[in-house]
1. Do any strands (runs of 3 or more DSSP E) entirely within segment 60-172 hold 1 or more residues that are free of Cβ contacts under 8 Å to residues at least 12 places away in the same chain, open to solvent by 100 Å² or more (accessible area, probe 1.4 Å) and touching a strand residue (DSSP E or B) at 6+ places or on another chain (Cβ under 6 Å), and if so, which?
2. Just to be sure, is F69 aromatic (F, W, Y) and at pLDDT below 85?
3. Where residues in segment 23-51 are part of a loop (DSSP other than H, G, I, E, B) and more than 22 Å from S112 (Cβ to Cβ), which of them is modelled with the lowest pLDDT?
4. Which residue, of K156, K136, K140, is in contact with a Pro (Cβ under 8 Å, 6 or more places away or on another chain) and basic (K, R)?
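The values are calculated or read from the model by the stated rules, or taken from the named source; none is laboratory data. If you're wondering where the values come from, they're calculated on a predicted model, not measured in any experiment. Note: ideal-geometry Cβ built from the backbone for every residue, glycine included; neighbour counts use all protein chains shown. The protein model used for the area step is the full one, side chains on, heavy atoms only, and it has no ligands, DNA or RNA in it. Shrake-Rupley method; radii C 1.70, N 1.55, O 1.52, S 1.80 Å.
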Amino acid sequence: MSQNHIEKETDRRFAAQKWVLYLLLSFIYIGFICSQVENIQALFIHNDALLEMLKIPIIMAVYVVPILFILYLYLFIRTLLRRGRRYKRISFKAIFIIASLSIIIYITAYQSTEMVTFGAYTIKEKFEEYRRYYVKIENKKLNVSFNEFQLVEENKTYIIQYAWNQRTPEKGRLQTIEQTND
């Protein structure tokens, strides 16, 4: 094989590697954005079809990303073996990709530990801290809106649904509250 043919083959593999990388990143970013939009419940109060349509890119990303990642690694290794290490510096694109993927992984890992609890609870205390409003139930401090803060009464039982994270179990965010018939 001539040197010219080897260089053309290497350039073709490098172009394919770039194309697969862009496709891989597109699936990752679109899947992540759709999963974040899916968490905004106010958008889907009257439109379940839109919620179902958002699941399509997420499901596609779950199945396609591992395949594209393996293909990218294969092309990367083949190109690296042919070219050797010609590049000494890291480009802005590489820094952006690494940083954004790190942020996506962090956010996904944090959200995977979120929990929702539902039950009848007695409001032990309500208070304001740094212009934020809280109610205390059991050993949790729940963030509430100003209106909810004004309406609830201490030492009264309510049916409450709240979200909290396993990494910060003492804090939470009130989702729904309903007065009991006591």
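1. Per the criteria, no element qualifies.
2. Taking the combined requirement at face value, the residue does not satisfy it.
3. Looking at the filtered set, the residue picked out is I45.
4. Exactly one of K156, K136, K140 is in contact with a Pro (Cβ under 8 Å, 6 or more places away or on another chain) and basic (K, R), namely K140.
Let's see how each residue does on (1) modelled with pLDDT under 85; (2) more than 26 Å from the chain's Cα centre (by Cα):
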| site | (1), (2) |
| --- | --- |
| M60 | no, no |
| R78 | yes, yes |
| L81 | yes, yes |
| R86 | yes, yes |
| I98 | yes, no |
| I103 | no, no |
| E114 | no, no |
| Y121 | no, yes |
| Y130 | no, yes |
